[in-house]
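First comes the structure, then the notes that go with it.
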Amino acid sequence: MLGFRDPMADAIGLLRPRTVVGPSLRATGEWALRFDTFLHVRIGGLVRGTCWLILDGHEPVLLQEGDTFMLGDPPPYVLASTLDARPRPAEQVWAGAEDGFVRIGPESEDDLYLCAGHIAFDDSNAALLTDLLPPLVLVRAGDPHGARLAQLIDLLANEVGVAAAGGPLVQNHLAQILLVHMLRAHASQTDWPCGWLGALNDDDIGAALRAMHADMAHPWTLKELAEISNMSRSAFAHAFKGHVGIPPLEYLIQWRMNLARDALARDTLSISELARATGYQSESAFSTAFRRVAGSSPAKFRAEVRRSVAHAG
């Protein structure tokens, strides 16, 4: 069976996140580091001190102690002690990391301490999340989600550079927990539609989303989903598209096919089993829907994945 739960859990499961935590930065004096563009997500937070985050094309942001930030598919950016400090390539500085830390300037009780991690996703599904994210999500220490995020950053910082059993595992899980809380914070911060992520905060539309994800094999109808949302069919269809960007049954088909692609790539179910698991009464109906969304038949898709895996091996 496919492990359907809720929209956020399903998305993160399909993303297959891979986390690289650190190195953390300790710095004093005047300094500036320029980071090249990268794919997917970077999450960081200030354990101590203040610094500027200067993202190309955006106004500079002063980060303060306890603040947490998330960068989604960002352009190049700079972290700096002052706005007029001349940046140097971060890659060169990062190459000199020792025991999980990069140090700039002499050691001091008042030095800046920044902890960060990079989360990479499976390329075929990364757009499920990155298309919903702005280049910068900033959660201040005093914001509703700020205290919890600051605690998580502290926990992550305490794991960096510590040669304890299970350290990498703890770091990886903490970074993914940070991601979830940052997504929650982002969804609560914005009044703009941000796909399924923003719709989760709506009691009515969110209830329909959770119902679909809890049972993708169910033959959902517009009437059933509208009843779950305590709305008429027309009002539900209009509200759902306004929140998520596409009609409810189209959303359902897309998610079923996302899950099907993942299962076919991992070769965990036969095509007939996958058809039943995603709500289709026949293999031919499932294959037609899959071909319309994915551009090839399920059998051809799986065969191509097998060939690419064999070639890579």
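The values are calculated or read from the model by the stated rules, or taken from the named source; none is laboratory data. Source: prediction; values computed, not measured. Don't worry about glycine lacking a Cβ; one is built from the backbone with ideal geometry, like all the others, and counts go over all protein chains shown.
Identify, from the list Arg148, Arg140, the residue that is free of Cβ contacts under 8 Å to residues at least 40 places away in the same chain, of a type in the set (D, E, K, R) and touching a helix residue (DSSP H, G or I) at 6+ places or on another chain (Cβ under 9 Å).
So the residue among Arg148, Arg140 that is free of Cβ contacts under 8 Å to residues at least 40 places away in the same chain, of a type in the set (D, E, K, R) and touching a helix residue (DSSP H, G or I) at 6+ places or on another chain (Cβ under 9 Å) is Arg148.
Among the residues of region 242-280, write down those that are within 26 Å of Ser229 (Cβ to Cβ) and out of contact with any helix residue (DSSP H, G or I) (no Cβ under 8 Å at 6 or more places or on another chain).
Hits for region 242-280 are Gly242, Glu250.
It is to be established whether one or more residues within region 77-92 are under 20 Å from Thr130 (Cβ atoms), in the same structural domain as Arg140 (by TED's automatic domain parsing) and of a type in the set (A, V, I, L, M, F, W, C).
no
Would you list the helices (runs of 4 or more DSSP H) that sit entirely within region 208-313 and hold 2 or more residues that are aromatic (Phe, Trp, Tyr)?
In region 208-313, 233-244, 248-266, 283-294 are the helices (runs of 4 or more DSSP H) which contain 2 or more residues that are aromatic (Phe, Trp, Tyr).
Considering only residues that are modelled with pLDDT under 90, among the small types (Gly, Ala, Ser) and out of contact with any helix residue (DSSP H, G or I) (no Cβ under 8 Å at 6 or more places or on another chain), which ones fall in region 81-128?
Hits for region 81-128 are Ala95, Gly96, Ala97, Gly100, Ser108, Ala116, Ala120, Ala127.
Here is a list: Leu55, Leu46. Which entry is in contact (Cβ under 8 Å) with a residue 40 or more places away in the chain, out of contact with any His (no Cβ under 9 Å at 6 or more places or on another chain), in the same structural domain as Val170 (by TED's automatic domain parsing) and surrounded by 21 or more Cβ atoms within 10 Å (Cβ to Cβ)?
Checking each option against the conditions leaves just Leu46.
For Arg26, state whether it is more than 16 Å from Leu183 (Cα to Cα), modelled with pLDDT of 90 or more, assigned by TED's automatic domain parsing to the domain that holds Leu112 and not in a loop (DSSP other than H, G, I, E, B).
Yes: the conditions hold for Arg26.
What's the number of the only condition in (1) closer than 15 Å to Pro7 by Cβ; (2) in contact with a helix residue (DSSP H, G or I) (Cβ under 9 Å, 6 or more places away or on another chain) that Ala214 fails to meet?
The number of the failed condition is (2).
State whether one or more residues within region 34-41 are under 16 Å from Val137 (Cα atoms) and surrounded by 19 or more Cβ atoms within 10 Å (Cβ to Cβ).
yes
Identify, from the list His243, His218, His311, the residue that is at pLDDT below 90 and either within 22 Å of the chain's Cα centre (by Cα) or within 22 Å of Asp10 (Cα to Cα) (or both).
His243
Within region 67-83, can one find any residue that is assigned to a loop (DSSP other than H, G, I, E, B), touching a residue at least 60 places away in the same chain (Cβ under 8 Å) and surrounded by fewer than 18 Cβ atoms within 10 Å (Cβ to Cβ)?
Among the residues of region 67-83, at least one is assigned to a loop (DSSP other than H, G, I, E, B), touching a residue at least 60 places away in the same chain (Cβ under 8 Å) and surrounded by fewer than 18 Cβ atoms within 10 Å (Cβ to Cβ), which makes the answer yes.
With the condition being acidic (Asp, Glu) and within 23 Å of Gln64 (Cβ to Cβ), I'd like the strands (runs of 3 or more DSSP E) fully within region 96-141 carrying at least 2 qualifying residues.
In region 96-141, no matching strands (runs of 3 or more DSSP E) lie anywhere.
Give me a count of the residues in region 172-207 that are out of contact with any Gly (no Cβ under 8 Å at 6 or more places or on another chain) and not in a helix (DSSP H, G or I).
Of the residues in that region, 4 qualify.
Return only the number of the condition from (1) surrounded by 15 or more Cβ atoms within 10 Å (Cβ to Cβ); (2) in contact with a strand residue (DSSP E or B) (Cβ under 9 Å, 6 or more places away or on another chain) that Ser124 does not satisfy.
Of (1) surrounded by 15 or more Cβ atoms within 10 Å (Cβ to Cβ); (2) in contact with a strand residue (DSSP E or B) (Cβ under 9 Å, 6 or more places away or on another chain), only one is false for Ser124: (2).
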